[in-house]
Amino acid sequence: MLKLEGVRIQQGSFSLTADLAVEKGRKVAVIGPSGAGKSTLLGAVGGFVDVVAGRVACGGQDITDARPGARPVAMLFQDNNLFPHLSIRQNVGLGLRSNLRLSARDAQQVQAAIARVGLDGMEERRPAALSGGQQSRAALARVLVQDKPLLLLDEPFAALGPALRAEMLALVGDLVAETGATLLMVTHAPEDVARIADDVIFVDAGRADAPVLAAALMANPPPALRAYLG
C-alpha cells in the first residue's frame, strides 16, 4: 500500500497537500486541470520533489527522505528519457545498472523485457530509428526490467495518436496485471480513465483527493470535476 500522510509540497507560491492511501495492485488515474500539481504529486512519490511536511510510505516502509533509486518505485516520464547515442538494449539496461556493466542474468532480464514489449529484433537500434510508439515501448521496457512494486506514469503517451495510445495503455494494463504492481498514471484524457483505471485521484485547488472508484466518479462527477471535464 502507498500512503501519503499529511503531505505538503511547497514550490515557491505553489502548495499541494495530500492525505491518501492507494491499495496494492490498484490502477489509479491522476487527473485535474493543467498546473494543478499532478506531476508534482508523482514526483513527490518518486523522490524527485521534496515534501516539506508529512510522510510518504510504501509497503509499510517510510520513504519520505529516500533517494529516488532507493525507493520501490519506477517512473516513466512524458519524454521517455531515452538516450539517443545508446542502443535500445543499452537504454533498457540502464534500468538495472547505470554503468551498464550487466551480468549474464541482467542481460537475460533486459532481453526478456524487450521481448515482452514487442521489440524483439530491434535491440541494437538507436531511438531515432524507432517510431514514436516503439520508443514508448522501449521506455516501458526500461521500467519493466526494474521490477518495482509501484509504477508511476507521467503522461508518457500524450504525444501518441488515439489508436496508438490505446494500444500502449492496453500493454501497461497487461504488464501490471502480470506483475501485480500498483499503477499511478497522470492523464488529461477521460477515455484513458475508462480504459485502464480502477480508481481516480482528482488534483485541484491545492489538494490531491483520496482515490475514488473510477466508474462511479466519472458517471457522477462532483462540480469541480465536472467543470474540468467540460
TODO: Filter the stretch 190-230 for residues that are in a strand (DSSP E or B) and within 18 Å of D154 (Cβ to Cβ) and give the result.
DONE: D199, V200, I201, F202, V203, D204, A208
- [ ] For the stretch 104-127, state whether one or more residues are within 26 Å of G37 (Cα to Cα) and not basic (K, R).
- [x] no
Task: Given (1) surrounded by 17 or more Cβ atoms within 10 Å (Cβ to Cβ); (2) in a loop (DSSP other than H, G, I, E, B), number of the condition A74 does not satisfy - done: (2)
Open item on the list: I need the full set of residues from the stretch 50-63 which are within 12 Å of R8 (Cα to Cα), among the β-branched types (V, I, T) and crowded, with 17+ Cβ neighbours inside 10 Å, in order please.
Closed with: V51, V56
- [ ] Give the stretch 106-123 a look and list any residue that's in a loop (DSSP other than H, G, I, E, B), of a type in the set (D, E, K, R) and within 15 Å of G95 (Cβ to Cβ), or say none.
- [x] E123
TODO: Check S87 against each of (1) closer than 25 Å to M168 by Cα; (2) in contact (Cβ under 8 Å) with a residue 60 or more places away in the chain; (3) surrounded by fewer than 21 Cβ atoms within 10 Å (Cβ to Cβ) and name the one condition it does not meet.
DONE: (2)
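A quick yes/no check of all residues on (1) among the hydroxyl-bearing types (S, T, Y); (2) at pLDDT 95 or above:
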position: A36; (1), (2): no, no
position: S39; (1), (2): yes, no
position: A53; (1), (2): no, yes
position: A57; (1), (2): no, yes
position: I63; (1), (2): no, yes
position: D79; (1), (2): no, no
position: S103; (1), (2): yes, no
position: I114; (1), (2): no, no
Task: Residues located in the stretch 138-190, provided they are in contact with a strand residue (DSSP E or B) (Cβ under 7 Å, 6 or more places away or on another chain) and farther than 27 Å from K3 by Cβ - done: A139
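Let's see how each residue does on (1) in a helix (DSSP H, G or I); (2) within 19 Å of A18 (Cβ to Cβ); (3) among the basic types (K, R):
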site: R125; (1), (2), (3): no, no, yes
site: G133; (1), (2), (3): yes, no, no
site: A139; (1), (2), (3): yes, no, no
site: R142; (1), (2), (3): yes, no, yes
site: Q146; (1), (2), (3): no, no, no
site: L151; (1), (2), (3): no, yes, no
site: A163; (1), (2), (3): yes, no, no
site: L183; (1), (2), (3): no, yes, no
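The values are calculated or read from the model by the stated rules, or taken from the named source; none is laboratory data. All figures in this text were calculated on a predicted structure; none of them were measured in a lab. Cβ coordinates were reconstructed from backbone atoms using ideal geometry, including for glycine residues, and neighbour counts include every protein chain displayed.
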